[in-house]
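See below for the structure under consideration.
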Amino acid sequence: MREPRDVLVRFHEIALKGRNQGRFVTQLVDNLRRATAGLGVRRVWSERMLVRMRLDDAADWEAVRERVATVFGGVKFSLAHEVACNYDAIAATVGELADARSFETFRISARRADKRFPLTSAEMNIKLGDMVRERHSARVDLRHADLDIHVDVLAKTAFVYTDEHAGAGGLPVGTGGRVAVLMSGGIDSPVAAWRMMRRGCQATLVHFHSFPLVEGRSREKARELAEKLNAYQYDTRLLMVPFASLQQQLILSVPGPLRVVAYRRFMVRIAEVLARREGAKALVTGESLGQVSSQTLQNIATVDEAAGMPLLRPLIGMDKQEIIAQAEEIGTFETSILPDEDCCTLFVPRSPSTAVRLEEIARVEAELDVDALVRHAADAAELVEYHQGHSP
Ligand code: ATP
Ligand code: MG
């Protein structure tokens with residue numbers, strides 16, 4: 001039996017019902033190419049209800065598998081043996097795969113995309129099942145089989161495989177428009193960015209830093225996080241916004257207890273200016289309700305009022321433990337917990353107000369030239385770019 005060189009990637013069939021089917025699949029194909037660039041994938045293309053990948057003889061399947069598992073839009077994928085489209089060839093490969101494994105229970109999962117094939121899926125399940133049962137002292141268990149042998153019959157070819165791997169789910173990055181994610185160096189906001197990417201959005205990352213008021217390690221963390229997140233979206237624009245001089249001006253007129261909310265309202269306004277320049281349709285933060293004083297419902301409402309476009313909070317209903325688990329899974333946690341200086345704690349009393357009302361903050365902001373301050377900070381933003389695979 002030859003080494004298997006074909007990968008079958010299944011996607012969400014629900015997403016295929018709409019008018020966007022073509023665009024969705026094309027994007028998935030392109031993203032799979034970019035995610036696996038340099039790993040010996042010779043070709044990626046779509047065929048009916050699946051995406052196919054063909055590996056070079058030298059390709060390292062473990063490396064390819066790791067990357068394919070991160071591509072949004074893929075639900076399940078397998079490394080499959082391609083066989084001729086006739087029962088004898090299929091049966092021979094099923095037999096060999098069964099011989100190579102030890103198992104007490106098994107099932108055959110046949111699927112016939114081409115109805116011209118002489119046997120129905122049910123007939124193949126029975127016939128192949130009988131054959132395996134004769135050669136091994138194993139019984140069929142449809143629910144908890146030790147070994148599940150899949151047979152997929154397409155129009156001109158057939159595939160046999162045993163192991164199915166979980167894909168990343170969601171929708172292909174690039175199909176959902178662009179968002180601007182306010183990304184600190186913390187645990188939460190990188191997870192928020194990942195969650196938006198998983199729904200198909202391309203994320204521009206906006207990081208505010210207080211360099212040179214503080215050492216500036218948050219900038220390095222932001223770069224490292226951007227690089228890690230880039231593995232999920234293949235093109236990443238990170239905007240580094242100097243926030244120190246604005247903070248120095250704000251402390252002159254904003255009372256201590258209001259400062260966190262004031263900083264946040266300015267961040268939102270600056271991010272909105274940058275978002276419009278980026279063609280982004282919404283802002284995203286990593287807030288989760290009640291996690292810290294600035295994330296009470298009252299303060300969230302007061303911050304929201306400063307935004308002129310939707311301000312999305314994909315983590316709003318998550319517990320810290322759940323967010324940490326997700327950060328570990330997507331690979332950002334280790335960077336996020338490196339020590340740094342949070343610019344939002346600069347010049348802030350130990351117990352900031354948990355309930356800043358809009359009237360209070362509006363009175364203070366009325367003394368400031370808000371538009372000029374916002375524009376000045378936005379214009380000072382520095383761009384860092386990351387790419388993976390080919391660049392369009
Ligand atoms: P995180 O873990 O994302 O830092 P947090 O739990 O520390 O969040 P806050 O400090 O209240 O919470 O920040 C709330 C949100 O505000 C962050 O998730 C992020 O979206 C945004 N934010 C805070 N600080 C910055 C920053 N320096 N640059 C960009 N966005 C920021
Ligand atoms: Mg933080």
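The values are calculated or read from the model by the stated rules, or taken from the named source; none is laboratory data. Source: prediction; values computed, not measured. Here the Cβ positions follow ideal geometry from the backbone for every residue, glycine too, while neighbour counts run over all protein chains shown. What goes into the accessible areas is simple: the full protein's heavy atoms, side chains included, and nothing from ligands, DNA or RNA. Shrake-Rupley method; radii C 1.70, N 1.55, O 1.52, S 1.80 Å.
Between ILE330, ILE361, ILE126, the residue with the greatest mean-square fluctuation in the GNM of the chain (Cα pairs under 10 Å linked by springs) is ILE126. Hey, with R₀ at 45 Å, roughly what FRET efficiency would ASN86 and ASP235 work out to, going by the Cβ-Cβ distance, to 0.05? That pair, ASN86 with ASP235, gives E of 0.50.
Per residue, how many Å² of accessible area does the chain show with a 1.4 Å probe?
Computed with neighbouring chains in place, this is 47 Å² per residue.
Taking 37 °C and 0.692 mPa s as the conditions, I'd like the Stokes-Einstein D for the chain in µm²/s, using the Kirkwood hydrodynamic radius from alpha carbon pairs. My calculation gives 138 µm²/s for D.
Give me the percent of the accessible area of the range 178-387 that comes from carbon and sulfur atoms, probe 1.4 Å, all protein chains in place.
Numbers: 4630 of 9020 Å².
Reported share for carbon and sulfur atoms: 51 percent.
In the structure displayed, which of LYS76/LYS228; LYS281/LYS320; LYS76/LYS281; LYS76/LYS156 lie more than 25 Å apart, Cα to Cα? Violating the 25 Å Cα-Cα cut-off are LYS281/LYS320; LYS76/LYS281. Legend: calculated FRET efficiency, ASP60 to GLU385, from the Cβ-Cβ distance at R0 = 22 Å, rounded to 0.05, equals 0.20. Less than 5 angstrom separates the built amide H of PHE106 from those of ARG139, VAL140, ASP141, ASP146, LEU147, all sequence-distant by 5 or more or on a different chain.
Across the range 6-166, C-alpha contacts under 8 Å between residues 6 or more apart give a mean separation that, scaled by the residue count, equals a relative contact order of 26 percent. For the residues GLY286, GLY256, GLY200, a GNM of the chain with alpha-carbon springs under 10 Å puts the largest fluctuation on GLY256.
Quick one: compute the contact order of the range 178-387, relative version, from alpha carbon pairs under 8 angstrom and 6+ residues apart, as a percent. It comes to 33 percent, rounded to a whole number. For the chain, the relative contact order works out to 17 percent when only alpha carbon pairs closer than 8 Å and six or more residues apart are counted. Less than 5 angstrom separates the built amide H of LEU171 from those of GLY73, ARG199, GLY200, all sequence-distant by 5 or more or on a different chain.
Counting only residues at least eight positions apart within a chain, or on another chain, the aspartates and glutamates with an alpha carbon under 19 Å from that of LYS115 are GLU47, GLU82, ASP88, GLU123, ASP152.
Dipole magnitude for the range 6-166: about 900 debye, using +1 per Lys or Arg Cβ and -1 per Asp or Glu Cβ, origin at the Cα centre.
In terms of accessible area, using a 1.4 Å probe and ignoring ligands and nucleic acids, GLU278, GLU96 rank largest first as GLU96, GLU278.
Annotation note: GluC sites (Glu not before Pro) in the range 285-392 located in DSSP loop regions with a Cβ neighbour count of at most 11 within 10 Å are GLU367. Computed 3J(HN,Hα) for the range 233-245, one whole-Hz value per residue from the Karplus formula 6.51 cos²θ - 1.76 cosθ + 1.60 where θ = phi - 60°, is 10, 6, 9, 10, 10, 10, 10, 9, 10, x, 10, 5, 6, glycine and proline marked x.
Accessible area of THR345 (1.4 Å probe, protein heavy atoms only, ligands and nucleic acids ignored): about 90 Å². Between GLY169, GLY185, GLY317, the Gaussian network model of the chain with springs among Cα atoms under 10 angstrom shows the greatest mean-square fluctuation at GLY317.
Atom-type composition of the exposed protein surface of the range 6-166 places 47 percent of the accessible area on carbon and sulfur (1.4 angstrom probe). Among 205-213, 127-135, sorting by the average number of other beta carbon atoms lying within 10 angstrom of each residue, highest first, gives 205-213, 127-135.
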